[in-house]
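One structure is given here, and the rest of the page talks about it.
The values are calculated or read from the model by the stated rules, or taken from the named source; none is laboratory data. These numbers were taken from a predicted model, which means no experiment stands behind them. Heads up, the Cβs are rebuilt from the backbone with ideal geometry, glycines too, and the neighbour counts pull from every protein chain shown. To get the accessible areas, we keep the full protein, side chains included, count just its heavy atoms, and leave off ligands, DNA and RNA. Shrake-Rupley method; radii C 1.70, N 1.55, O 1.52, S 1.80 Å.
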Amino acid sequence: MGKLRTLCASLLLALVTLPSLAQAQGRGEVTGQVTAAENGAAISGAQVRIGGTSRQTVTDAGGRYRITAVEPGSYTLTVSVIGRSAGSRPITVTAGGTTTQNFSLAASAVALEGVVVNAVTGQSERRREAGTNTSNISVADINRGPITKVADVLTGRTTGVTLQGAAGTTGTSQRIRIRGANSLSLTNEPLVYIDGVLASTSNPGGIGLGGQQPTRLNDINPEDIENIEVLKGPAASALYGTAAANGVLLITTRRGRAGRTVWRAYGEAGTLDDDTRYPLNFATVQGTTDPNATIYNPTNGAFASGITLCSNEAAARGACRQEATFSFNQFRDPRTTPFSTGNRRKGGLNVSGGTANLTYYLSGDRENETGVIDYNTLSRTSLRANLNAQLRPNLTTQVNAGYIRSDLTQPQGDNNIFSPLINGLLGPAQFIPGMESETLGRVANCPTPTCAGRRIGSAFGYNNFDQRSVVADQSVDRFVVGANANFRPFNWLSLNGNTGLDFYSRFDQQTVDPNNLPLAQSYLLGFRDARRANNYQYTANGTAVGTFDVSNSVTATTTAGVSYQQQRFGNVTCFGVGILVGTDSCGGTTAQFAVNEEDNDNKIFGVFGRQELALNDRLFIAASLRGDRNSGLVNDFIVYPSASASWVISDEPFFPELGFLSNMRLRTAVGRSGLRPGFGDAETFARAVPVELGSTNQIAAVPSSTGNPNLKPEITTEYEAGADLGFFNDRLSADF
């Protein structure tokens with residue numbers, strides 16, 4: 001019986017694979033190598049495409065490529081890679097034969113080549129075809145300079161993109177602005193896609209720390225990034241719909257390439273120092289002429305007997321006489337500074353390789369960082385697996401999966417009363433013995449435990465407290481998974497589908513032990529604040545792309561598709577006052593209990609179409625239209641149009657030979673995109689309150705928020721025109 005089952009399985013497998021084998025025998029393959037013109041070195045990662053088909057690949061570490069199962073016929077084979085001039089050759093493929101075509105590419109500073117992949121349509125477009133100004137940040141750029149997070153990758157690497165530091169502590173974020181800000185009330189952050197999956201970058205619902213907030217964008221390991229495409233405005237991002245007015249970042253992670261297995265290990269270590277020149281604290285007083293006199297009482301920080309503060313305004317009125325001026329460098333004096341030398345350690349390992357039909361990339365990374373305030377720490381573990389498979393000659397698939405575990409401890413800072421900076425800058429102009437930093441312990445002028453171990457807050461005028469007692473901890477488990485399939489049933493038709501999920505589970509907590517913060521009764525009693533959040537970001541797109549040769553000189557490409565996005569954020573919080581030392585639970589508090597649950601759900605369904613015309617591979621005209629229905633709006637359907645043109649005029653026969661001008665492209669575009677309102681902004685909500693009715697308690701509803709049913713998205717329309725120029729055989733470029 002066992003042998004019979006084996007025989008039946010073998011026959012079934014043969015029946016399934018026979019048509020594919022028969023098809024493959026009737027097709028040919030294209031192979032070759034791509035090298036640098038100046039020295040013959042292999043170029044890896046170059047994009048090789050067979051014109052008029054979806055057949056494409058990238059070169060391996062040795063610059064070699066191989067495209068199998070190509071229908072017999074005549075084609076144009078093109079090779080492009082950022083930083084080099086493209087290559088194009090006619091080829092003829094025969095049934096069962098192998099066509100070999102090698103390319104030698106010259107270096108070029110003109111960014112006309114390379115491929116931009118649309119995360120919504122899945123369609124790749126050569127840069128020369130785009131009428132908008134897009135930027136590519138490649139691996140070569142990323143590896144130049146100290147990169148500790150994804151935000152660093154964007155810093156100073158492309159025009160129109162600026163990063164604003166929101167805070168200087170370890171683990172906090174930077175604001176990303178593309179061509180400035182668009183909104184006064186909504187987010188100004190761009191959309192971010194990771195391998196075609198819409199990613200969450202915000203961090204809502206955390207514990208307030210005076211303005212410091214981490215960003216989920218920096219969860220991604222920079223070592224895993226292949227390149228980042230920057231779409232700089234609505235003219236380029238109109239197909240992305242109601243959320244893309246601030247631009248779009250398309251992050252592509254590394255892929256394996258056919259050939260030998262490549263192992264890569266890396267590590268780094270360094271220190272962090274705060275070199276800021278903070279201003280001194282000054283005080284001008286009356287009651288002494290001795291510049292070395294003690295102006296503060298060491299026990300309570302008040303002015304010493306007979307000494308009063310004398311400001312410039314009071315002296316001008318004659319109310320006091322300025323007799324001595326004192327100053328103190330509170331952030332550099334070792335007795336009081338909250339700063340120390342931090343450190344950073346990072347290491348990882350990745351491996352890539354595969355065959356012509358299956359490639360893989362696997363990576364693991366671990367980083368630890370301690371900031372210049374030693375109780376500001378970050379530890380993060382990142383794992384990634386990317387697989388690309390050619391299941392059939394006309395069917396390719398990609399599966400991408402990433403996992404991140406992050407643990408962050410943040411101090412209070414910026415705009416709150418526990419900030420070391422605020423306390424220091426508002427502090428006195430003289431050192432008060434006994435108010436030393438706890439890192440130094442007892443010193444000669446602090447003989448008793450009552451004055452030792454006090455942080456900068458108490459040293460500069462606030463009541464005695466330990467800064468460590470007001471830190472907040474945040475733990476994150478995050479999964480980013482996606483899958484993409486491309487099926488080409490006919491030479492002229494390509495079907496693409498992608499789906500994915502970005503999910504993170506986050507736990508924020510803060511416990512303040514009693515008697516540490518004598519600022520209010522709740523601080524004296526101690527309190528517990530805990531928040532557990534889950535965030536789901538779903539993405540699904542389906543697209544059909546038809547390519548037609550209208551004539552020998554005109555090619556038309558028609559795209560139609562649907563898009564679905566859903567973001568669901570759930571948050572459960574608890575708070576309580578009155579807690580025993582060592583208790584880390586809201587259930588252990590004794591007063592002022594507060595429990596809340598939040599659930600936000602926002603969906604966008606969109607349909608889109610795009611028509612492109614290419615004339616002699618020199619003039620490219622495109623128009624697109626997207627319509628969105630947003631669950632956050634009441635009975636609304638918003639339309640976002642765009643149009644663009646790109647003309648590589650230097651390829652025209654009439655373009656004069658100027659010698660110094662080797663390349664010239666003119667481009668223009670117009671487009672409209674939007675920003676969706678916040679969840680519930682268009683709706684009115686009520687909350688329950690207890691009321692006494694007669695002798696019984698009843699539940700009544702009162703408004704908690706009043707929505708605007710006529711609310712619509714914020715709309716941004718952009719007009720863009722520009723030129724790309726290459727000089728001296730493309731060794732120098734200019735972009736206007």
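Each part reduced to its alpha carbon centroid, the range 230-294 and the range 482-557 end up 22 Å apart. Just going by the charge dipole of the chain, with Lys and Arg at +1 and Asp and Glu at -1 on Cβ, which of Ile638, Pro690, Thr355 is farthest out on the positive end? Comparing the listed Cα positions along the dipole, Thr355 ranks first. Derived from the Cα gyration tensor, the three semi-axes of the equivalent ellipsoid of the range 235-308 are 63, 26, 11 Å, largest first. When the Cα gyration tensor is reduced to axis lengths a ≥ b ≥ c, the ratio a/c is 1.5 or higher for the range 340-429, and with a/b above b/c it is classed as prolate.
Calculate, in nm to one decimal, what Thr31 and Ala106 gain on full extension: separation in residues at 0.36 nm each, minus their alpha carbon distance. Please list the in-between numbers first.
Values: separation 75, 0.36 × 75 = 27.00 nm, distance 2.02 nm.
Extra length available between Thr31 and Ala106 comes to 25.0 nm.
Scanning the chain for GluC sites (Glu not before Pro) lying in DSSP loops with no more than 10 further Cβ atoms inside 10 Å, the longest uninterrupted stretch between such sites is 39-656. Dipole size of the chain about its Cα centre, with +1 on Lys/Arg Cβ and -1 on Asp/Glu Cβ: approximately 1660 debye, rounded to the nearest 20. Backbone phi angles across the range 325-339, fed through the Karplus curve with coefficients 6.51, -1.76 and 1.60 (θ = phi - 60°), yield HN-Hα couplings of 10, 10, 9, 8, 8, 5, 9, 10, 5, x, 7, 10, 4, x, 8 Hz in residue order; Gly and Pro are listed as x.
In the chain, the DSSP-assigned H stretches of four residues or longer account for a calculated mean residue ellipticity at 222 nm of -2000 deg cm²/dmol, using -39500 (n - 2.57) per stretch and the full residue count as denominator.
Around the amide H of Glu226, modelled in the peptide plane, lie the amide H atoms of Thr252, Thr253, Arg254, all under 5 Å away and 5 or more residues distant in sequence or on another chain. For the range 271-287, putting each phi into the Karplus relation 6.51 cos²θ - 1.76 cosθ + 1.60 with θ = phi - 60° gives couplings of 10, 10, 9, 9, 9, 5, 8, 6, x, 6, 8, 10, 8, 10, 10, 10, x Hz, in residue order, rounded to whole numbers and with x for Gly and Pro.
A full extension of the chain between Gln611 and Thr261 corresponds to an added length of 121.9 nm, given 0.36 nm per residue minus the alpha carbon distance. Averaging Cα coordinates gives a centre for the range 722-736 and one for the range 638-674; these two points are 13 Å apart.
Ratio of Rg to Rh for the range 306-378, alpha carbon only, Kirkwood?
Details: Rg = 28.7 Å, Rh = 18.6 Å.
That ratio equals 1.55.
Values of log10 I(q)/I(0) for the range 671-736 across q = 0.22 Å⁻¹ run -0.95, by the Debye formula with one identical scatterer at each alpha carbon and no solvent.
Put a plus charge on the Cβ of each Lys and Arg, a minus charge on the Cβ of each Asp and Glu, and nothing anywhere else: the dipole of the range 464-603 about its Cα centre is then about 320 debye. Name the residues of the range 223-252 whose amide N is less than 20 Å from a point 7 angstrom out from the Cα of Leu163 along the C-beta direction? Of the residues in the range 223-252, 223-233, 246-252 have backbone N under 20 Å from the label point off Leu163.
One Cα centroid belongs to the range 575-621, the other to the range 300-373; the line between them spans 31 Å. Counted over all Cα-Cα pairs of the chain, pairs farther apart than 46 Å make up 36 percent. Think of the chain as having a plus end and a minus end, set by charges on the Cβ of Lys, Arg, Asp and Glu; of Leu163, Val545, Val93, Val93 sits farthest toward the positive end of this dipole. Given R0 = 35 Å, the distance between the Cβ atoms of Phe637 and Ser74 translates into a calculated FRET efficiency of 0.15. Note: the range 517-598, Cα convex hull, 161 Å³ per residue. A convex hull fitted to the Cα coordinates of the range 559-711 yields 225 cubic angstrom per residue. Rounded, prolate or oblate, given the Cα gyration tensor of the range 193-336, with a/c below 1.5 counting as rounded? Note, shape of the range 193-336 comes out prolate. Based on Cα contacts under 8 Å between residues 6+ apart, the chain shows a relative contact order of 11 percent.
Between the beta carbons of Asn596 and Thr558, assuming R0 = 51 Å, the FRET efficiency works out to 0.50 to the nearest 0.05.
Quick one: longest stretch of the chain between exposed loop trypsin sites (Lys or Arg not before Pro), exposed meaning at most 10 other C-beta atoms within 10 Å and loop per DSSP?
Values: sites that count: Arg144, Arg277, Arg317.
Free of exposed loop sites, the longest segment is 318-736.
Spacing of the modelled spin labels on Ser305 and Gln322, each 7 Å from Cα toward Cβ, amounts to 2.9 nm.
The residues of the chain present an accessible area of 46 Å² per residue when probed at 1.4 Å with all protein chains retained. Against the main long axis of the alpha-carbon atoms of the chain, helix 2-25 sits at an angle near 70°. Charge dipole (Cα centre; +1 on Lys/Arg Cβ, -1 on Asp/Glu Cβ; no other charges) of the range 121-277 amounts to roughly 460 debye. Using a cut-off of 29 Å between Cα atoms, the listed pairs Lys149/Lys232; Lys232/Lys712; Lys232/Lys346 include Lys232/Lys346 as exceeding that distance.
Rounded, prolate or oblate: which one fits the range 192-245, using the alpha carbon gyration tensor with axes a ≥ b ≥ c (rounded when a/c is under 1.5, else prolate when a/b beats b/c, else oblate)? Please report the intermediate quantities before stating the final value.
Details: a/c = 2.54, a/b = 1.41, b/c = 1.79.
Oblate, because a/c is 1.5 or more while a/b does not exceed b/c.
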